[in-house]
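First up is the structure itself, then whatever we jot down about it.
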Amino acid sequence: MDMMTRLFATDIGLEPGFTFRIQKCPLTHEYFVHSHDFSELVVILQGSAIHIIEGREYSVTAGQIFLIHSGVSHGYKNVDGIEYINVMFQPEQLLQLSELRLLPGFQALFYIEPFYRKEMNFKGMLTLNEAQLQEATKLLDLILTEYELQPQGYRLMIRSYFTALVGLLSRYYQIGSGHEDNKALRIGEAVTYIEEHFLQPITLHAMADKAYLSTRQFQRVFTRNYHTTPMDYVIRKRLDYSCTLLRYPNLSISQVALESGFRDQNYYARQFRKVYNCTPSEYREKLQDS
């Protein structure tokens with residue numbers, strides 16, 4: 001099939017404010033190559049097939065888990081007794097917990113590996129052993145029950161169980177990856193390093209070293225996955241942190257700048273205005289007014 005179908009969340013009845021659907025289904029026939037405007041987490045429970053991603057083919061079997069991001073084409077052929085769970089969601093709605101960002105396995109599995117598949121020759125994908133698959137399936141079954149019965153507070157429960165699932169898979173990814181070979185995990189560790197040390201002096205060179213990449217390679221991979229440069233990412237983290245500190249009127253603006261990792265108050269003010277369209281003092285006044 002040459003014409004690729006694009007599926008839209010609204011077309012398949014997903015709510016804009018809570019884009020979520022989970023299905024457990026057998027796949028009995030080939031599934032045409034398509035893409036969508038939401039992300040999809042696929043967990044293979046049994047059987048095998050050839051999975052086609054972005055025109056490349058590789059075999060999938062029980063225990064394999066992969067993430068398909070928005071705009072990525074994929075489909076299945078040579079289907080043999082496949083049963084899988086398919087979770088459709090919007091990352092910006094469900095992957096918001098800052099604690100997740102501190103897990104190298106989360107950065108690798110949900111951000112880097114999906115975009116790094118070809119370079120890694122599909123070696124960075126997550127495969128669970130039988131015990132791990134059982135643990136993951138327990139959480140998926142809880143999510144399925146909430147989704148199907150929709151009792152009071154089901155969205156909250158789905159968010160909670162899904163966060164737990166993502167945390168578990170991130171942990172498994174880190175445990176199961178041959179660290180030396182897994183470039184996605186090494187880059188994930190570099191991103192986690194940023195999350196933990198953004199208030200300290202941090203250089204592009206240090207980040208690239210953590211990822212075992214040249215600064216040019218790291219800059220390219222990071223920018224492609226996070227849609228911003230590594231240094232801009234650091235500055236944004238510092239600015240967001242400074243917004244928290246601006247709530248404390250006893251801290252002067254220069255103290256806020258310093259505590260947020262900016263050594264130059266004027267530079268801090270310029271960067272702040274660029275992002276928030278006001279000065280730190282004006283931001284503080286707005287906070288007090290509200």
TODO: For the range 254-290, enumerate the residues that are among the aromatic types (Phe, Trp, Tyr) and either free of Cβ contacts under 8 Å to residues at least 40 places away in the same chain or not in a helix (DSSP H, G or I) (or both).
DONE: PHE262, TYR267, TYR268, PHE272, TYR276
Open item on the list: Checking the structure you have, find out if any residue of the range 165-185 is of a type in the set (D, E, K, R), surrounded by 21 or more Cβ atoms within 10 Å (Cβ to Cβ) and modelled with pLDDT under 95.
Closed with: yes
Task: Failed item in (1) surrounded by fewer than 18 Cβ atoms within 10 Å (Cβ to Cβ); (2) over 27 Å from ARG220 (Cα atoms), with VAL72 passing the rest - done: (2)
Open item on the list: So, in the range 186-200, how many residues would count as being touching a residue at least 12 places away in the same chain (Cβ under 8 Å), more than 29 Å from THR127 (Cβ to Cβ) and either surrounded by fewer than 18 Cβ atoms within 10 Å (Cβ to Cβ) or among the polar types (S, T, N, Q) (or both)?
Closed with: 2
- [ ] Within the range 68-75, identify whether any single residue is among the small types (Gly, Ala, Ser) and touching a helix residue (DSSP H, G or I) at 6+ places or on another chain (Cβ under 8 Å), and answer yes or no.
- [x] no
TODO: Would you mind stating whether ILE52 is open to solvent by less than 50 Å² (accessible area, probe 1.4 Å), of a type outside the set (Phe, Trp, Tyr) and outside any strand (DSSP E or B)?
DONE: no
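Considering only residues of the range 234-253 that are touching a residue at least 40 places away in the same chain (Cβ under 8 Å) and open to solvent by less than 20 Å² (accessible area, probe 1.4 Å), which is farthest from LEU204 (Cα to Cα)?
Only one residue tops the list, namely LEU246.
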Open item on the list: Looking at the range 203-220 only, could you name the residues that are at negative phi and surrounded by fewer than 17 Cβ atoms within 10 Å (Cβ to Cβ)?
Closed with: THR203, LEU204, HIS205, ALA206, ASP209, SER214, THR215, ARG216, GLN217, ARG220
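Tally the residues that are open to solvent by 70 Å² or more (accessible area, probe 1.4 Å) and not aliphatic (A, V, I, L, M), restricting the search to the range 151-164.
Total satisfying the criteria: 3.
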Open item on the list: So GLU83 passes all but one of these: (1) in a strand (DSSP E or B); (2) open to solvent by less than 30 Å² (accessible area, probe 1.4 Å). Which condition number does it fail?
Closed with: (2)
Open item on the list: I need every pair where a residue in the range 136-154 that is assigned to a helix (DSSP H, G or I) has its Cβ under 6 Å from the Cβ of a residue that is of a type in the set (Asp, Glu) and open to solvent by less than 70 Å² (accessible area, probe 1.4 Å), sequence separation at least 6 or different chains.
Closed with: TYR154/GLU146
TODO: With the checklist (1) part of a strand (DSSP E or B); (2) surrounded by 15 or more Cβ atoms within 10 Å (Cβ to Cβ) in hand, flag the one item SER59 doesn't pass.
DONE: (2)
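The values are calculated or read from the model by the stated rules, or taken from the named source; none is laboratory data. Here the structure is a predicted model, which means the values were calculated and not measured. Using ideal geometry, Cβ is built from the backbone for each residue, glycine included, and neighbour counts are taken over all protein chains shown. Side chains are part of the model used for accessible areas, which takes the heavy atoms of the whole protein and leaves out ligands, DNA and RNA. Shrake-Rupley method; radii C 1.70, N 1.55, O 1.52, S 1.80 Å.
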